[in-house]
Amino acid sequence: MERPYIICHMVTSLDGKVTGNFLGKNSGLIGDYYRIHSEYGADGFLCGRVTMESSFPQPSATPSVYEGPPIERTDYVAEKAAFYAVAIDPQGKLWWGDHAISDSDEGYDGAHIVEVLTHKVSNDFLAHLRNKGISYLFGGKSELNLYLVAQKLKRLFDMEMLLLEGGGIVNGSFFQENLIDEISLVVVPEAECSEMAVPLFKTGKYHSDSSELASFRLQESKRLQDDGLWLIYKKR
Ligand SMILES: NC(=O)c1ccc[n+]([C@@H]2O[C@H](COP(=O)([O-])OP(=O)(O)OC[C@H]3O[C@@H](n4cnc5c(N)ncnc54)[C@H](OP(=O)(O)O)[C@@H]3O)[C@@H](O)[C@H]2O)c1
């Protein structure tokens, strides 16, 4: 394959939501989610800008100003790492304070950050990433081509297996491009009725040409603690 094998790994409510109060009600199943994340032994995880911002604190200091010549819009590999944190950040909003994730969970801690950008990002932002030793790649001029992004993750960073870990918008756009090979759901036995709650796949925000969407078959189901369920679906 020209791209990594992509597994969408998420915690959901009974009604397929990925945000809401149900997440706070069962810490045991959240622990199972992190355990499974590590057990996959993937080369990295990928999240949308909103999830990265809410999961990993960003520095509050004002962004630096770059006064040099324009920086070429070419991909930048700061380092090859054992595990990567890939951020879909087309406009360059995540002003990371370091080149790696700092997290209490060892399945995320130390992951080398790869920013996925469009040409629209500022020179200030690119200079900041280089200064911090953060890798970046371009997925398009004004819009992202996710197939190209996936290919570059394999070609530039040797990624064979990637965990797609939300939120709903980024999952939905990978789904629309038929780029999901496997779905791994940790289901919490609670319904999340809020209209504001984000679904597993939120589609429509980003255009897709795919006329036929993939269907999936159940590969495995396992009962977890506290009446939770782990479901693994593979693309047909
Ligand atoms: N239950 C779980 O397992 C789980 C896991 C992860 C996250 N979550 C939750 O999900 C929530 C966030 O989900 P969300 O759907 O609102 O946001 P998201 O998917 O995390 O991020 C959306 C943003 O990412 C960028 N983006 C994503 N796909 C893109 C594409 N194809 N082309 C261009 N840009 C793209 C855009 O950034 P810009 O707006 O900067 O253009 C977009 O607004 C959080 O509350 C988080 O806690 C839950």
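Annotation: aspartates and glutamates with alpha-carbon distance below 14 angstrom to residue 25 (same-chain offsets under eight excluded): 190, 192, 226, 227.
Anything over 32 Å Cα to Cα? Flag those among 152/234; 154/205; 93/202; 141/222, in the order listed. Mind showing how you got there, number by number?
Working: 152/234 23 Å; 154/205 26 Å; 93/202 21 Å; 141/222 43 Å.
Violating the 32 Å limit, Cα to Cα: 141/222.
Considering only protein heavy atoms, with the full assembly of protein chains and a 1.4 angstrom probe, order 119, 9, 128 by accessible area, largest first. List each step's numbers first, then the result.
Details: 119 70, 9 0, 128 20 Å².
Descending accessible area places them as 119, 128, 9.
What's the whole-number percent of alpha carbon pairs in the range 14-88 lying beyond 21 angstrom? Of all Cα-Cα distances in the range 14-88, 53 percent exceed 21 Å.
Taking 0.890 mPa s as the viscosity and 25 °C as the temperature, the Stokes-Einstein diffusion coefficient of the range 187-236 based on its alpha-carbon Kirkwood radius rounds to 176 µm²/s. Here residue 60 and residue 236 are evaluated by their C-beta separation; at R0 = 35 Å the FRET efficiency comes out at 0.15. Computed over the chain, the P(r) tail beyond 21 angstrom holds 57 percent of alpha carbon pairs.
Let me check I have the definition right: for the range 145-236, take the eigenvalues of the Cα gyration tensor, multiply each by 5, take square roots. What are those semi-axes in whole Å, largest first?
25, 18, 13
Placing dummy labels 7 Å off each Cα toward the beta-carbon, the span from residue 27 to residue 156 is 3.9 nm. Computed from the C-beta positions of residue 191 and residue 72 and an R0 of 45 Å, the FRET efficiency is 0.35 to the nearest 0.05.
Helix 27-39 versus the longest principal axis of the chain: what is the Cα-based angle in degrees, 0 to 90, to the nearest 10? The answer is roughly 60 degrees. Highest GNM mean-square fluctuation among 78, 191, 61, for the chain modelled with Cα contacts below 10 Å: 61. Annotation for residue 148 and residue 212: the two label points, set 7 Å from Cα along the Cα-Cβ direction, are 2.6 nm apart. Pairwise Cα separations in the range 100-203 fall into 5 Å bins from 0 onward with the following percentages, short to long: 2, 9, 15, 19, 21, 16, 10, 5, 2, 0.
Sorted into 10 angstrom bins from 0, the C-alpha pair distances of the range 83-154 split as 21, 50, 26, 2 percent.
Heavy atoms of the protein chains alone define the surface here; on that basis the chain has 49 Å² accessible area per residue at 1.4 Å probe size. 3J(HN,Hα) along the range 68-75: x, x, x, 8, 4, 8, 10, 4 Hz, from the Karplus curve 6.51 cos²θ - 1.76 cosθ + 1.60 with θ = phi - 60°, whole Hz, x for Gly and Pro. By DSSP, the beta bridges lying fully in the range 1-136 are antiparallel in about 15 percent of cases. Annotation note: trypsin sites (Lys or Arg not before Pro) in the range 18-65 located in DSSP loop regions with a Cβ neighbour count of at most 15 within 10 Å are 25.
Note: relative contact order over the range 80-236, using C-alpha pairs below 8 Å and six or more positions apart, is 17 percent.
Summing -39500 (n - 2.57) over the DSSP H runs of n ≥ 4 in the chain and dividing by its residue number, what mean residue ellipticity at 222 nm do you reach, to the nearest 500 deg cm²/dmol?
On the way: 5 runs with 51 residues, N = 236.
Mean residue ellipticity, 222 nm, calculated: -6500 deg cm²/dmol.
The values are calculated or read from the model by the stated rules, or taken from the named source; none is laboratory data. Nothing here was measured: the structure is a model prediction, and the numbers come from that model. Note that each Cβ is placed from the backbone with ideal geometry, even for glycine, and that neighbours are counted across all protein chains shown. Accessible surface is based on the protein model in full, side chains and every heavy atom, while ligands, DNA and RNA are left aside. Shrake-Rupley method; radii C 1.70, N 1.55, O 1.52, S 1.80 Å.
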